[in-house]
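The values are calculated or read from the model by the stated rules, or taken from the named source; none is laboratory data. Everything quoted here is computed from the prediction, not taken from an experiment. Neighbour counts are summed over all protein chains in view; Cβ atoms, including those assigned to glycine, are modelled from backbone coordinates with ideal geometry.
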Amino acid sequence: MPGKAIKRILRKPVDHLRRLRTRKLIDRIRSHGDSRISAVGRALSDTLSGNLKEEDRESMGLIEQRRTGLLRSTDEIDVIDYGAGNPDSMRSKEEMAGGVHARRKVSDVCGASKPPFWCVFLYRLLRELGCSSCVELGSCVGISAAYQAAALNNNGMGTLRTLEGCPEIARLAEETIKGLGLENTTVITGPFNETLEGVLSESSPVDFFFNDGHHDHDAVLDYFRRSLPFLSREAVIVFDDISWSPGMRSAWTEIEEDDHVAASFDLGEIGIALIGSGSGSGSRFRIHLGSLMKQWQSPGGSE
Ligand SMILES: C[S@@+](CC[C@H](N)C(=O)[O-])C[C@H]1O[C@@H](n2cnc3c(N)ncnc32)[C@H](O)[C@@H]1O
């Protein structure tokens, strides 16, 4: 009992110290000599502080309106899921390759989209990096794709190809993209196994690869290795849900240790791998965003 009371008293100062330490680390990353590393630092600190331009806020507001509409939808669609299901689903390779059929509410499907914090971070990262050719694995209903496309649009350059296995979900992603007038983005429908190679070759050299589809150890490593020949010399790969399951965690550890990865960032939920070599070679950053994220307020008005 006294232990619990002491913990409760100490929670606030401990959280405060953690936030200070994390802010210091992010400041250090911001002023790093390697341009890609400092770009990640700026994207993170601007996301956390809400330091956004008016045009950024406008784009984000429109995308969040679309998200809200989908989350309120009472429609149902036929879904084919080629992914890993839940962390405890234990789907076999055959099940994932054949796809699992179900009828689902659009609102539930939309619930798998990245929350605003991470979408704003992706957006800021792309604004900082100024990429030309981008690929996303896992469009879902097009929310994270719309953030990336809007960043490229506001940069005045760049295209995005986003891949989705389920035709009905891909149709919603297309509606999202078209409805927002984002002409720099194409949705490609079909299982990644069948579409990835062709898309990578059309998009080569790929500057930015957001891997948010198939949350399975072997699949993540397979897509990573297959993407390597098509990446630009200084490509950036963002892996989502690296802590989703023990398999995803160990896939991320293998990626961090891969010889093609010059530097990496472990942000708990997502991992960022900088390909190639550079002044930051060998750097591995671990950033605990926990209590800073709790205080965060969405610029788009939701969450
Ligand atoms: C987590 S959701 C993507 C969320 C989206 N990036 C966002 O934040 O707005 C993953 C999507 O990948 C698709 N997917 C998973 N595994 C796949 C595979 N092997 N082939 C094709 N699509 C797949 C699923 O249908 C699902 O819509």
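What number of residues in region 74-90 are surrounded by fewer than 17 Cβ atoms within 10 Å (Cβ to Cβ) and within 21 Å of T189 (Cβ to Cβ)? Walk me through how you get there before you give the answer.
Residues of region 74-90 surrounded by fewer than 17 Cβ atoms within 10 Å (Cβ to Cβ): 74-76, 78, 80, 85-90.
Then keep just the ones that are within 21 Å of T189 (Cβ to Cβ); that gives 75-76, 78, 80, 85.
Of the residues in region 74-90, 5 are surrounded by fewer than 17 Cβ atoms within 10 Å (Cβ to Cβ) and within 21 Å of T189 (Cβ to Cβ).
Screening R103 with (1) part of a strand (DSSP E or B); (2) within 14 Å of the ligand (Cβ to nearest atom) gives one miss only, at (2). Annotation note: of D88, D27, D78, the sole residue that is over 17 Å from W118 (Cβ atoms) and in a loop (DSSP other than H, G, I, E, B) is D88. Within region 81-94, residues that are within 18 Å of V109 (Cβ to Cβ) reach partners that are among the basic types (K, R) and more than 10 Å from the ligand (Cβ to nearest atom) with beta carbons closer than 8 Å, at six or more positions or on different chains, in the pairs A84/R91; G85/R91. The listed residues are T47, T74, T68, and the only one of them that is β-branched (V, I, T), away from the ligand (no atom under 11 Å from the Cβ), under 28 Å from I287 (Cα atoms) and at pLDDT 95 or above turns out to be T47. Counting only residues that are part of a helix (DSSP H, G or I) and more than 9 Å from the ligand (Cβ to nearest atom), which one in region 106-116 is nearest to N211 (Cα to Cα)? Among those that are part of a helix (DSSP H, G or I) and more than 9 Å from the ligand (Cβ to nearest atom), it is P116. Against the list (1) surrounded by fewer than 18 Cβ atoms within 10 Å (Cβ to Cβ); (2) within 23 Å of A43 (Cβ to Cβ); (3) among the hydroxyl-bearing types (S, T, Y), the condition S204 fails is (2).
Spot the failing condition for E164; the list is (1) in contact with a Gly (Cβ under 8 Å, 6 or more places away or on another chain); (2) in contact (Cβ under 8 Å) with a residue 60 or more places away in the chain; (3) not aliphatic (A, V, I, L, M), and only one is missed. So the condition that E164 fails would be (2). Against the list (1) under 22 Å from G290 (Cβ atoms); (2) away from the ligand (no atom under 14 Å from the Cβ); (3) in a strand (DSSP E or B), the condition A263 fails is (1). Return the only residue of I275, I287, I270 being within 13 Å of the ligand (Cβ to nearest atom) and crowded, with 16+ Cβ neighbours inside 10 Å. Result of the check over I275, I287, I270: I270.
Inside region 117-222, counting only strands (runs of 3 or more DSSP E) that do not spill past its ends, which hold 3 or more residues that are modelled with pLDDT of 95 or more and away from the ligand (no atom under 14 Å from the Cβ)? Please lay out each step first, then the result.
Numbers: elements: 133-137, 159-164, 185-189, 206-211.
In region 117-222, there are no strands (runs of 3 or more DSSP E) which contain 3 or more residues that are modelled with pLDDT of 95 or more and away from the ligand (no atom under 14 Å from the Cβ).
Name the residue, out of G165, G138, that is crowded, with 17+ Cβ neighbours inside 10 Å, more than 25 Å from R42 (Cα to Cα) and touching a His at 6+ places or on another chain (Cβ under 8 Å). That would be G138, the only listed residue that is crowded, with 17+ Cβ neighbours inside 10 Å, more than 25 Å from R42 (Cα to Cα) and touching a His at 6+ places or on another chain (Cβ under 8 Å).
Looking at D222, D212, which is the one that is closer than 23 Å to K114 by Cβ, among the acidic types (D, E), in contact (Cβ under 8 Å) with a residue 12 or more places away in the chain and buried (at least 16 other Cβ atoms within 10 Å of the Cβ)?
D212
Annotation: of all residues in region 77-96 being more than 8 Å from the ligand (Cβ to nearest atom) and of a type in the set (A, V, I, L, M), the one that is farthest from V141 (Cα to Cα) is M90.
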